[in-house]
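The values are calculated or read from the model by the stated rules, or taken from the named source; none is laboratory data. Just so it is clear, the structure is predicted and the values come from calculations on it, not from any experiment. Neighbour counts run over all protein chains shown; Cβ positions are idealised from the backbone, glycine included.
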Amino acid sequence: MTAKGQFQVDFLRSVVTNGGQIESVRFSLQRGPLEFPEPIYSLTLEQREVRSLQELPWTPELETYLLFELQRRVDREDEEAERFAAILLNNIETAAERHGKDYAHAILVALLRERGDSRLMPLLDRATPARPSASGQHHAACTAFLRDSIDGLQSSASVNLGYSPEQALALMHEALAIVLDETFHLSGADLLFPKHA
C-alpha cells in the first residue's frame, strides 16, 4: 500500500468511525488531448453537522475502499465511466510494467476486438499496435490479467454498486472508449493532425 493511499483510507475510515459520513462523491479524470489524465475524487464529508469538501487524488487504495468496502457510487453516471476508465488505465499500466507497454496495448486491442462491441470498432481501427504473438510466454498471463480487469470491473458495477447489467455494460463501453482514446492518444492526434473534409 502506498503511504498516500493508506493515509486517504485511514482518514475516511476515521470520519465514518466517528459518526460522520460521505454525503456525495464526485470524480473527474481531468483529461485533455495533450495531457496525462489526473484522476481526482471530490468528496463532501459531513462531521458533526459540519460539511467539508475534500479533493483526493485517485489511488488504488482509495478506490478499493470506496468501491469494495463502502460500495459507493459516484453521483453522476458520466463520472462513473471516467472512474472506471481510471481503474482500467491503472491496470493497463500494471500490465505494461509486467509485460512491456507495446505488448500490453496489443493484448488490450485484441481482447476488445474479441468482445465484439461494434461501438468501439471505429476507435479500435485507429489503434494499430503490432499483433501479439500467441506463443509468447507473456501471452496467457497478460491476456488473463486484462480480461479479468475488464470483466471483473463490469461485474463489480452490478454486484458492488447495484447497476443493472445493461447499465454496467453501457458504463464499461464508455470507460473503454476513454481508455482507447487515452492509451492511443486519439484526441491528441486529431488535434495535431486535423482531417479536412
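Below is a table of values for the structure above.
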quantity	calculated
Inter-residue pairs, beta-carbon under 8 Å, first within 18 Å of A96 (Cβ to Cβ) and surrounded by 18 or more Cβ atoms within 10 Å (Cβ to Cβ) and in the stretch 165-192, second at pLDDT below 90 and of a type in the set (A, V, I, L, M), 6+ apart	L180/A127; L180/L186; T183/A127; F184/A127
Matching residues, the stretch 76-96, being surrounded by fewer than 14 Cβ atoms within 10 Å (Cβ to Cβ) and at pLDDT 95 or above	E93
Set R113, R119: member being in contact with a Leu (Cβ under 8 Å, 6 or more places away or on another chain), closer than 18 Å to T183 by Cα and modelled with pLDDT under 95	R113
Residues of the stretch 29-64 that turn out to be modelled with pLDDT of 95 or more and small (G, A, S), as a count	2
Matching residues, the stretch 97-107, being surrounded by fewer than 19 Cβ atoms within 10 Å (Cβ to Cβ), part of a helix (DSSP H, G or I) and either out of contact with any Pro (no Cβ under 7 Å at 6 or more places or on another chain) or of a type outside the set (D, E, K, R) (or both)	E97, R98, K101
Single match in S118, S133, S156 (criterion: under 16 Å from the mean Cα position of the chain (by Cα), among the hydroxyl-bearing types (S, T, Y) and over 19 Å from E97 (Cβ atoms))	S156
Residue pairs meeting the criteria (Cβ under 8 Å; at least 6 apart or on separate chains; first touching a residue at least 40 places away in the same chain (Cβ under 8 Å) and farther than 11 Å from T183 by Cα, in the stretch 92-108; second surrounded by 21 or more Cβ atoms within 10 Å (Cβ to Cβ) and β-branched (V, I, T))	A95/I107; H99/I107
Within the stretch 122-141, considering residues that are at pLDDT 80 or above and in contact with a Leu (Cβ under 9 Å, 6 or more places away or on another chain), the one surrounded by the fewest Cβ atoms within 10 Å (Cβ to Cβ)	R126
Complete set of residues in the stretch 131-156 that are of a type in the set (A, V, I, L, M) and in a helix (DSSP H, G or I)	A140, A141, A144, L146, I150, L153
Matching entry among A86, A110 (being part of a helix (DSSP H, G or I), of a type in the set (G, A, S) and farther than 21 Å from Q6 by Cα)	A110
Scan of the stretch 142-153 for residues that are surrounded by 13 or more Cβ atoms within 10 Å (Cβ to Cβ) and either over 22 Å from the mean Cα position of the chain (by Cα) or of a type in the set (D, E, K, R) (or both), ordered by number	R147, D151
Options L12, L67, L56, L43: the member that is in contact (Cβ under 8 Å) with a residue 60 or more places away in the chain and crowded, with 18+ Cβ neighbours inside 10 Å	L67
